[in-house]
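Since the structure comes first, as structure tokens, the remarks are kept for the end.
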Amino acid sequence: MPKEYVDEYEPLLVRGIKDERRFKLPNKSLLLAVFAACVGGTFQYGYNISVINAPTKYVQNFINQTWMQRYQTNISQGGLTLLWSTIVSMFTLGGLIGTSVGGTLSVKLGRRGTLLANNAFSLTAALLMGLSSTAGSFELLIIGRLLSGMNAGIALCVQPLYLGEIAPTALRGAMGMGTSVFITGGILTGQVMGLKEILGKEEYWPILLSTTCIPAFLQLLTLPWFPESPRYLLIDKGDEESCKKALRQLHGLADSGDALEDIEKEKNNLVGFQAKKPWELFSDRSLRWQLLTIILLNIAQQLNGINAIYFYADYVFGQSGIPMDKIPYATVGTGACECITALTCGMLIEYLGRKVLIMGGYVLMSICCVFFTLTLTFQDFSPVFPYLSMACVFAFILSFGLGPGGVTNILTTELFTQNTRPAAFMIAGSVNWLSFFLISMVFPFIVIGLQQYCFLVFLAVCSLVVTYIFFVVPETKNKTFVEIQNEFQSLKTNKFCSSDGAGTILLSTSI
């Protein structure tokens, strides 16, 4: 065939190969590896967020009884609130600590090794919380929640790394959605376990809080059967044979060659580079836009109003005529709604792309903020408005799960290469946990001051994020990590070119 025909049709052939790969189902071993990583990882994060809500009154009674036994007097209402707030907030502090060490551990112990070692925190936490009632010590609950938070922080940092690195390029988004699916699955499971028909009675609350050991044991039994991240084995450890073996197990013999070639290209691109520390990313001008993107997206994930929606949910359900003793079942419905949406996002992400989903999610959330503000304002004008408010609650949760809830972690994986990715997750996780802490501290005052108009603040946040993503963030679907990195460099090059003709040369020499 003449060379000019080859040159003309080669891009079409390459595109056709990519399209063919896009529709190929993942290897069964890869799906099982995702389950093994997630069940003891982000599933526990979601579970520990929701499971603490059901026994609130019972734990407060336990604190009061313990205080009476020790000091022969009832604890003051302010003291009780302080101790309960401490038990709940320790989870956030632990998450921040876990995130700050997760990236370092993932480099030293490996992705899989860190996930396995992380279960020590979960098992210790389950033991302490389970024994707290018998020992008559609410201090054990505080320590247990701290350790649960550390487990969640490490998992949120390391698990997306592992999923992003074991998945083939064409399935990276779908496999990465495992993080979001298992978080929502954990939230839903915690809500169900807290129902009175299961472990929601007063005498069972220590058992309920100690059930966090179950997913830890499941991971310890299943994850050792699956390999370490192939990228970590080849790029970080230089172990080509183990990398090939891991790829054959995860991708199958037919597809392992292409995956190995992709990893080798990234390795060659990083020759001479060491794994970077978080503070080194801030001084690297070539990563400025990627770093700004993950910081903004992780702040927005906590400040977009999803916490406010859950805060208002019980009030809205009550106004809609649902009896108080039935509201926990309606709350389970919100958890199921978010879980189903995460699964839907996992099926759509490789077809629609990351940018469309996350922008679409924020646009729908903006619309919901407007309607929710209106329905809450006119709540007493007509019996129809409480039902419209309830529809807004579910619509907002669906919108969050469709985009921001799942895509944010995937973008953190995809916008960085092997030597910067662990540090990027440490920064993203720290920002996320700090934002979580900030919103939990400030939100009650926002609600008191603005009431239902607080959703106008969240409307502004969602609108600003949509604008930023539209102009700055490229589509990463079906692109290798190196291609995504080069696209960001092209973005910088264009900006330099438009302001200074010498900018391109400066940029290329700095890289």
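Rundown of residues vs (1) over 28 Å from D380 (Cβ atoms); (2) open to solvent by less than 60 Å² (accessible area, probe 1.4 Å); (3) of a type in the set (S, T, N, Q); (4) outside any helix (DSSP H, G or I), yes/no style:
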{"residue": "A308", "(1), (2), (3), (4)": "no, yes, no, no"}
{"residue": "Y312", "(1), (2), (3), (4)": "no, yes, no, no"}
{"residue": "D325", "(1), (2), (3), (4)": "no, no, no, no"}
{"residue": "T331", "(1), (2), (3), (4)": "no, yes, yes, no"}
{"residue": "C337", "(1), (2), (3), (4)": "no, yes, no, no"}
{"residue": "A342", "(1), (2), (3), (4)": "yes, yes, no, no"}
{"residue": "I349", "(1), (2), (3), (4)": "yes, yes, no, no"}
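Test Q249 against the stated conditions and say whether it is more than 23 Å from V34 (Cβ to Cβ), assigned to a helix (DSSP H, G or I) and touching a Phe, Trp or Tyr at 6+ places or on another chain (Cβ under 8 Å). So that I can check it myself, show each step before the final result.
Details: more than 23 Å from V34 (Cβ to Cβ): no; assigned to a helix (DSSP H, G or I): yes; touching a Phe, Trp or Tyr at 6+ places or on another chain (Cβ under 8 Å): yes.
Answer is no for this residue.
Name the single residue that is nearest to A423 (Cα to Cα) among those in the range 130-162 being in contact with a Pro (Cβ under 7 Å, 6 or more places away or on another chain) and open to solvent by 10 Å² or more (accessible area, probe 1.4 Å).
From the range 130-162, those in contact with a Pro (Cβ under 7 Å, 6 or more places away or on another chain) are 130, 132-133, 161; that's our starting set.
If we keep only those that are open to solvent by 10 Å² or more (accessible area, probe 1.4 Å) as well, we get 130, 133.
Working: G130: 35, S133: 40 Å.
For the range 130-162, the residue satisfying everything is G130.
For every residue, the table says whether it meets (1) open to solvent by 10 Å² or more (accessible area, probe 1.4 Å); (2) at pLDDT 90 or above; (3) among the polar types (S, T, N, Q).
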residue	(1), (2), (3)
G46	no, yes, no
A54	yes, no, no
Y58	yes, yes, no
W67	yes, yes, no
S85	yes, no, yes
I97	yes, yes, no
S106	no, yes, yes
T114	no, yes, yes
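Being in a helix (DSSP H, G or I), open to solvent by 40 Å² or more (accessible area, probe 1.4 Å) and within 24 Å of V363 (Cα to Cα) is the filter here, so list the residues in the range 469-489 that pass it. First the steps, then the outcome.
Initial filter on the range 469-489 (in a helix (DSSP H, G or I)): 469-472, 481-489.
In the following step, the residues that additionally are open to solvent by 40 Å² or more (accessible area, probe 1.4 Å) were identified as 470-471, 483, 486-487.
Those that are in a helix (DSSP H, G or I), open to solvent by 40 Å² or more (accessible area, probe 1.4 Å) and within 24 Å of V363 (Cα to Cα): F470, F471.
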Please give the number of the condition I187 fails out of (1) crowded, with 21+ Cβ neighbours inside 10 Å; (2) within 30 Å of H251 (Cα to Cα); (3) not charged (D, E, K, R). (2)
Kindly check whether there is at least one residue in the range 124-135 that is free of Cβ contacts under 8 Å to residues at least 40 places away in the same chain and either under 22 Å from the mean Cα position of the chain (by Cα) or under 27 Å from G333 (Cα atoms) (or both). no
Mind listing whichever residues of the range 262-287 are touching a residue at least 12 places away in the same chain (Cβ under 8 Å), open to solvent by 90 Å² or more (accessible area, probe 1.4 Å) and part of a helix (DSSP H, G or I)? K265, R285
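The values are calculated or read from the model by the stated rules, or taken from the named source; none is laboratory data. These numbers were taken from a predicted model, which means no experiment stands behind them. Neighbour counts are summed over all protein chains in view; Cβ atoms, including those assigned to glycine, are modelled from backbone coordinates with ideal geometry. Accessible surface is based on the protein model in full, side chains and every heavy atom, while ligands, DNA and RNA are left aside. Shrake-Rupley method; radii C 1.70, N 1.55, O 1.52, S 1.80 Å.
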